[in-house]
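Please read the structure below before turning to the comments.
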Amino acid sequence: MTDTTVTVIPPAPEWADPWRHPFYYRGITIRRIFAYLLDVAIVTITAGLVWIATGIFSLLTLGLLWPLQALFVALVPLLYHSLLIAGPDSATLGMRAAGIRVMSIAPGAEADGGRPTLFQAMIQTVAFYGSMAVTGSLILLLALFNPRRRALHDFLAGTVVVNDRRLWQGDPV
């Protein structure tokens with residue numbers, strides 16, 4: 001007798017299929033650019049405030065905290081993106097303003113409403129900043145050549161960026 005076990009692969013969530021559910025991807029490229037520009041402004045202002053605050057604390061501690069200043073400033077974008085993407089809205093402040101959100105396409109993602117895990121959000125953030133630094137933003141052109149409009153950091157994290165259905169209920173699917 002042979003063992004005939006069957007492995008059932010769960011179907012991909014509806015937001016993972018740009019052909020059957022094009023609503024999720026309509027206009028997503030321009031919305032991502034808008035969201036990115038807002039996020040750059042927010043992260044820059046926040047990092048500047050952290051730089052000033054740690055500078056003041058460094059002076060008050062006679063320079064003891066000075067070596068940590070760069071670390072604290074570097075943590076700003078990592079914490080900003082990771083915590084907001086893994087949060088209940090699955091979107092940074094710029095993404096919320098643009099009406100988009102990050103969704104996981106990992107198996108079983110529907111159980112949590114498609115929200116990415118903190119690990120996925122951290123992979124996405126580190127891969128985003130790493131690929132931007134290495135390629136001078138040219139890696140983002142990859143998003144123009146696939147139907148889900150995914151960039152390298154989306155592929156590595158197992159995520160997609162889609163229109164937020166909660167904000168766009170009036171548009172038919």
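Readers should treat all values here as calculations from the given coordinates under stated rules, not as data from a laboratory. Not measured: the values here are computed from a predicted model. So basically every Cβ, Gly included, is an ideal-geometry build from the backbone, and we count neighbours across all protein chains shown.
The charge dipole of the stretch 22-163, taken about its Cα centre with unit charges on the Cβ of Lys, Arg, Asp and Glu (plus for the first two, minus for the last two), comes to roughly 380 debye.
I want to make sure I understand the PRE zone here: with the label point 7 angstrom from the Cα of L79 toward its beta carbon, which residues in the stretch 24-50 have backbone N atoms less than 15 Å away? 43-50, by backbone N distance to the label point. Which residue, chosen from V76, I33, F155, occupies the Cα position most advanced towards the positive end of the dipole of the stretch 22-163, where the dipole is computed from +1 (Lys, Arg) and -1 (Asp, Glu) charges on Cβ about the Cα centre? In the stretch 22-163, that residue is I33.
Stokes-Einstein diffusion for the stretch 50-156, with the hydrodynamic radius set to the Kirkwood value over Cα pairs and evaluated at 4 °C in a medium of 1.567 mPa s, equals 83 µm²/s.
Would you mind checking the stretch 109-139 for residues with the amide N under 18 Å from a putative spin-label position 7 Å along Cα→C-beta of A70? Hits in the stretch 109-139 for A70 at 18 Å: 130, 133-134.
Give the angle, between 0 and 90 degrees and rounded to the nearest 10, that separates the Cα long axis of helix 118-135 from the longest principal axis of the Cα atoms of the chain. That works out to roughly 70 degrees. Scanning residues 5 or more positions from I100 or on other chains, those with amide H under 5 Å from its amide H are D164, with H placed 1.01 Å from N in the peptide plane. Full extension of the segment from D89 to S137, taken as 0.36 nm per residue of separation minus the current Cα-Cα distance, would add 14.7 nm.
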